[in-house]
1. Please state the charge dipole magnitude for the range 2-508, taken about the Cα centre, from unit charges on C-beta atoms (+1 on K and R, -1 on D and E), reported in debye and rounded to the nearest 20.
2. Select from Leu476, Leu240, Gly313 the residue farthest towards the positive end of the dipole of the chain; place +1 on Cβ of Lys and Arg, -1 on Cβ of Asp and Glu, and compute about the Cα centre.
3. Determine ³J(HN,Hα), in whole Hz, for all residues of the range 462-469 in sequence, where each value follows from phi through the Karplus function 6.51 cos²θ - 1.76 cosθ + 1.60 and θ = phi - 60°; x replaces Gly and Pro.
4. Scale the Cα Rg of the range 1-110 by the rule-of-thumb value 2.2 N^0.38 Å and send over the ratio, two decimals.
5. For n ≥ 4 DSSP H runs only, could you compute -39500 (n - 2.57) per run for the chain, divide by its residues and tell me the 222 nm figure to the nearest 500?
6. If you average over every viewing direction, what projected area does the convex hull of the Cα atoms of the chain give, in nm²?
7. What would the Debye formula give as log10 I(q)/I(0) at q = 0.17, 0.28 Å⁻¹ for the alpha-carbon point model of the range 372-431, no solvent?
8. Give the ranking of Thr52, Thr248 by solvent-accessible surface, highest area first, calculated with a 1.4 Å probe.
Amino acid sequence: MSIMYLLEAFQTIFSDLSSLMFILIGVVAGIMVGCLPGLTATMGCALLIPFTFSLPPVQGLLMLMGIFTGAIYGGSIAAILIRTPGTPAAAATLLDGFPLSKRGEAGKAIGIATIASFVGGTIGALIMSFMAPQIAQFGLRFGPPEFFALAVFGLSMIISISGESLLKGVIAALVGLLITTIGFDPLSGVPRFAFGNDNLLGGITFIPALIGLFGFAQVFRNIEKMGIVPQVRSKVSRILPSFKEVKTLLPTMFKSGGIGSVTGSVPGLGCDIAAFIAYGEAKRTSKKPETFGQGALEGIAAPEAANNGATGGAMIPMLTLGVPGDAVTAVLLGALTIHGFQPGPLLFRDHPEIVYPIFAGMILCQLVLLGVGLAGARLFAKLINIDIKVLTSIIFLLCIVGSYSMRFSFFDVGLALGIGVVAYFMSYAKFPVSPILLALILGPMAEQNMRRAMMLSNDDLSIFVTRPISATFLFLAVLMAGLSYMKYKKLREIERKVAETTAQDAVAK
């Protein structure tokens with residue numbers, strides 16, 4: 001049945017050339033965002049969501065997926081040319097991409113990154129297309145207790161996105177949860193924390209909050225860098241690698257694409273972790289592991305196939321269960337909601353006309369990425385040379401237009417600006433903003449379903465542990481939080497030992 005729906009979705013997209021045009025626009029815009037250091041895929045989607053409001057839902061979502069796909073790939077261009085990943089997902093790519101660039105083979109490195117991104121992204125999109133409907137069938141058994149437990153499971157990934165300080169990540173998430181309580185109570189309709197301001201009765205609108213956290217905050221950071229960050233110059237020659245080189249790298253690309261898809265489907269891991277896992281596996285199984293870090297072609301193919309494979313994987317929990325796989329899919333989840341669709345198992349049952357074009361569009365995004373990436377590599381490389389003053393002005397204008405366009409309200413512009421100021425100072429204190437975004441998405445889901453479950457059970461909390469599915473998700477939430485905490489403690493211990501060793505070496509000298 002799903003194959004029939006998928007074929008119909010392809011037919012629908014190809015019958016309307018405007019859908020293909022929006023995929024192309026999204027991919028090009030995503031690559032442009034991705035190859036500019038500091039502009040993440042999350043911020044690109046956040047800034048451009050308002051421009052999808054006037055579009056039919058399918059076309060708007062296709063453009064956003066194009067941005068997601070293009071931005072993850074685009075980060076490799078900056079990583080290869082200037083040793084600065086355009087997005088966190090490209091951090092592993094620079095390990096071998098930049099040494100290859102220094103040898104005068106930047107074009108070949110970008111060509112391999114493009115082909116690997118296409119292969120990995122296609123694997124991820126196909127796995128998403130055939131796995132997601134099966135998971136959604138399982139999700140149809142969910143009631144309020146299960147959805148509450150699912151939201152708790154999603155919130156447990158806060159530990160893995162908390163950055164340097166777990167406490168600060170938890171505090172940021174609590175701030176996000178408090179923000180979700182502003183406005184009318186979802187069950188009783190009683191106003192909460194509106195402070196007499198009618199503009200707050202509907203709550204803090206998602207788009208201004210999103211643009212403030214990722215858009216205006218970036219503007220302020222860019223203003224701080226003006227006159228300090230030197231202008232960068234980049235040059236790219238021959239793009240296409242030889243057929244023999246591509247053929248040799250295909251096994252690595254296929255394996256890494258699978259690794260990325262599986263890793264991306266686990267909430268909280270994301271594209272950057274998928275890239276490093278695949279890089280490590282490629283080095284472990286390579287016949288010449290000593291070449292890694294010195295310009296090994298496998299060292300580019302593996303992380304790029306993995307981080308693009310993770311884009312499809314991250315869409316699986318977002319579409320089937322309403323739990324975002326990473327920060328970008330959290331933004332896409334918000335976009336679906338704004339267009340009037342609630343991600344989760346009911347989406348597959350009630351709106352197949354939305355779900356399957358998303359699957360088909362994700363596959364087509366990879367084809368467009370391959371063509372645009374190879375044809376426009378030299379042009380995209382020149383974007384790195386853009387003056388930071390011009391770039392900041394463009395972002396600032398997009399932030400204003402985006403925050404105003406949803407409700408045509410200057411209050412929303414001021415709200416986004418205020419949130420941006422807070423987010424800017426949070427970054428100084430090393431408070432992560434991603435937990436706030438996660439709480440804004442999952443907070444209402446957790447509150448509403450918890451209260452509904454309590455009504456069903458006459459305030460008996462045992463309803464959450466006596467139902468197998470909800471109990472399983474709560475157990476997984478505790479397990480994931482525990483494993484993430486152990487990993488966090490291990491990393492802090494390693495950093496402490498490195499700092500002590502560095503200090504001892506300094507004293508010895």
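The values are calculated or read from the model by the stated rules, or taken from the named source; none is laboratory data. Remember, it's a predicted structure, so these values are computed and weren't measured experimentally. Neighbour counts run over all protein chains shown; Cβ positions are idealised from the backbone, glycine included. Keep in mind that these areas ignore ligands, DNA and RNA; they rest on the heavy atoms of the full protein, side chains included. Shrake-Rupley method; radii C 1.70, N 1.55, O 1.52, S 1.80 Å.
1. I would put it at about 1340 debye.
2. Leu240
3. 5, 4, 7, 10, 8, 9, x, 5
4. 1.26
5. Only helices count here, giving -24000 deg cm²/dmol.
6. 25.5 nm²
7. For the range 372-431 at q = 0.17, 0.28 Å⁻¹, log10 I(q)/I(0) is -0.78, -1.04.
8. Thr248, Thr52
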